[in-house]
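Following: one structure in structure tokens, then a few remarks.
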Amino acid sequence: MAENAMEDKIRRAAELICGSRHVVAFTGAGHSTASGIPDFRSPDSGLWEKHNPMLVASVWAFRLNPKTFYDWIRPLADLMLSARPNPAHEALADLEDMGCLKTIITQNIDNLHQRAGSRRVLELHGHLREATCIRCYKVEPIDPVFHNLVREGRVPQCSCGGVLKPNVILFGEQLPVRVLNEAMAEARRCDLMLVAGSSLEVTPAADIPFLAVESGAKAIIVNREPTAFDAYAHLVIDGDVVQVLPRVLKAVQELVELA
Ligand SMILES: [Zn+2]
């Protein structure tokens, strides 16, 4: 994109944000690729060259063979623990601090929004902070002991003897109802939806921005590739969130100072 056209779009995005009363961001894997985290649901992620996702990361596979699941997720979990938030995460945290962003709805499980300082984050695909016993449903924190067990090739167990499953949403599992309901309420309530780093291909999570637009919100999408949502957005910025969002933040700060 020509720099002038990009500059115009950045300014327009800042004006939309400053002119809205309830802004909600929706983020996906593209938000964390600059932090070195692959999109674990994507066929291009490199995670599926040796594994069939349905045989390792589905709820059925987990119940049949949790050890295979843990062997698969260990390198990914290690990556997430060592990854750092990038400027796109930091820009959204700063917008929230300024009162210009109410909520982040994310498809990511990497905790990077929270580590960047974002406070209200709805994680549609769960997270790796806790695990739930698949027998008694007790919820346990995922702590260093848990990580050590996984590293030693053992399957973490609950005190009842049941297997502990990290609170990430596997293939074949429903999205967490409470989080999904809150996200849908945010989509209906917001007057601006900022989609950042998601191709909106994984439903039902991807339905959320469409719900916002159907409910009367305006929408901005920042993504490196075209998406089916572009036709519904009021502003499409084809670029990397890591470059675009810090510039949007700066433009918002300038507008706020002028006001
Ligand atoms: Zn248990």
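The values are calculated or read from the model by the stated rules, or taken from the named source; none is laboratory data. None of these values were measured; they are calculated from a predicted model. FYI the Cβ positions are ideal-geometry reconstructions off the backbone, even for glycines, and counts take in every protein chain you see. Remember, those area values only see protein heavy atoms, side chains included, never the ligands or the DNA or RNA. Shrake-Rupley method; radii C 1.70, N 1.55, O 1.52, S 1.80 Å.
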To the nearest 10 degrees, the tilt of helix 87-97 (Cα long axis) against the first principal axis of the alpha carbons of the chain is 70
For the ranges 21-30, 203-212, 102-111, what's the packing order if you count other beta-carbon atoms within 10 Å of each residue, average per peptide, and put the highest first? 102-111, 21-30, 203-212
Full extension from GLU254 to VAL139: what is 0.36 nm times the residue separation minus their Cα-Cα distance, to one decimal in nm? 36.9 nm
Expected 222 nm ellipticity per residue - DSSP helices of 4 or more, -39500 (n - 2.57), all of the chain, to 500: -12000 deg cm²/dmol
About the Cα centre, and with charges only on the beta carbon of Lys, Arg (+1) and Asp, Glu (-1), how big is the dipole of region 20-169? Nearest 20 debye, please. 480
What is the distance, in nm, between label points placed 7 Å from the Cα along the Cα-to-Cβ direction at GLU15 and at GLU214? 3.0
Quick one: pull the percent of accessible area on the chain belonging to carbon and sulfur, 1.4 Å probe, ligands and nucleic acids left out. 52
Percentage, to the nearest whole number, of Cα pairs in region 167-259 over 15 Å apart: 65
If the cut-off is 23 Å between C-alpha atoms, which lysines fall inside it for LYS67, apart from same-chain ones fewer than 8 positions away? LYS50, LYS138, LYS165
Given a 1.4 Å probe, how much area per residue of region 146-228 is accessible, in Å²? 45
Within region 95-187, DSSP-loop chymotrypsin sites (Phe, Trp or Tyr not before Pro) with at most 16 other C-beta atoms within 10 Å are TYR137
Region 1-145: Cα Rg divided by the 2.2 N^0.38 Å rule of thumb: 1.24
At R0 = 35 Å the Cβ-Cβ FRET efficiency linking ARG120 and ASP71, nearest 0.05, sits at 0.50
Place the peptides 152-158, 8-14 in order of packing, highest mean first, counting for every residue the other Cβ atoms within 10 Å and averaging per peptide. 8-14, 152-158
Counting only DSSP beta bridges with both partners in the chain, the antiparallel fraction in percent, to the nearest 5, comes to 25
Bounding extents of region 107-207 in its principal axis frame from Cα atoms, largest first in Å, are 47, 27, 23
Which of VAL242, ASN167, CYS133, positive extreme of dipole for region 117-259 (C-beta unit charges): CYS133
Between GLN157 and TRP60, the FRET efficiency computed from the C-beta separation at R0 = 22 Å comes out, to the nearest 0.05, as 0.65
Spin-label point model (7 Å from Cα, Cβ direction): what's the MET98 to ARG189 distance in nm? 2.2
